[in-house]
Amino acid sequence: MKKLVIFDLDGTLLNTIEDLGEATNYALARIGFPSHPLNSYNMMVGNGVGKLLARALPSGHDTEENLSQMRYYFTEYYEQHCTDHSKPYPGIVSLLESLRDAGVKLAVASNKYQAAVEMLVKHYFPMVEWAAVEGQKEGIPTKPDPSIVFEILTKCPTPKADVLYVGDSGVDMETARRACVDSVGVTWGFRSISELKAYHADLIVNTCEDILNQVMK
């Protein structure tokens, strides 16, 4: 049985793509660039807000000035609208409650900036007493660098053999690999099964029940 489960946030616990896309489109419009269809953002997210904004800008326009303005407008909009359309994936709330009731420690490891991670986790999952909630912080490298996992293990000391990392992308699978913990890739998120396989997910699951079964082995 695993003692600590670390979850990615966007695409794993929460479907946030519409709110992320609308915030990015708002920022693009404010500085005079065209917007993108919301479904195109699936391939732009996953490496933090900075990378998202750079990918959203037209080629050659990801200058420091444009990115700075984009971040300002993105944050202005997102912090007011981050819960407009976002919602937990089916079965996630029950999974978290079951793990909690079984005494499993729970943590979040996200490339989203820290304030937004805390806001979303508090809003959607108030029933969980999290061992750690870690987002992107100034001066700390983003995933797939494993520093975020090591920070969680500092706050919640756990043998790596007893840790499971759950995510929806190659970034997540690579983070788990570099941290030397077992990984589970979920198929309901923003990226494809082929990406999860390419990044050597230890297990790929279709349901939250599959995660629970893996933890309780």
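The values are calculated or read from the model by the stated rules, or taken from the named source; none is laboratory data. It should be emphasised that the depicted structure is a prediction, and the values quoted were computed from it without experimental measurement. All Cβ positions, glycine included, derive from the backbone under ideal geometry; neighbour counts span all protein chains shown. Accessible surface areas use protein heavy atoms only, side chains included; no ligands, DNA or RNA. Shrake-Rupley method; radii C 1.70, N 1.55, O 1.52, S 1.80 Å.
Condition check for Gly32 on (1) at positive phi; (2) small (Gly, Ala, Ser); (3) surrounded by fewer than 18 Cβ atoms within 10 Å (Cβ to Cβ); (4) touching a helix residue (DSSP H, G or I) at 6+ places or on another chain (Cβ under 6 Å): one failure, at (4). Restricting attention to the stretch 86-95, the residues being more than 16 Å from the chain's Cα centre (by Cα) and either open to solvent by less than 30 Å² (accessible area, probe 1.4 Å) or over 20 Å from Leu212 (Cα atoms) (or both) number 1.
One residue stands out among those in the stretch 43-54 that are surrounded by fewer than 18 Cβ atoms within 10 Å (Cβ to Cβ) and part of a helix (DSSP H, G or I): the one that is farthest from the chain's Cα centre (by Cα), which is Ala54.
What residue, among those in the stretch 1-29 that are under 13 Å from the mean Cα position of the chain (by Cα) and part of a helix (DSSP H, G or I), is surrounded by the fewest Cβ atoms within 10 Å (Cβ to Cβ)? Only one residue tops the list, namely Ile17. Would you confirm whether any residue within the stretch 68-85 is assigned to a loop (DSSP other than H, G, I, E, B), open to solvent by less than 70 Å² (accessible area, probe 1.4 Å), at pLDDT 95 or above and of a type outside the set (Phe, Trp, Tyr)? So far as the stretch 68-85 goes, yes, one or more of its residues are assigned to a loop (DSSP other than H, G, I, E, B), open to solvent by less than 70 Å² (accessible area, probe 1.4 Å), at pLDDT 95 or above and of a type outside the set (Phe, Trp, Tyr). For Val149, the requirement of being closer than 20 Å to Asp168 by Cβ, without any contact (Cβ under 8 Å) to a residue 40 or more places away in the chain and in contact with a helix residue (DSSP H, G or I) (Cβ under 9 Å, 6 or more places away or on another chain) is not met.
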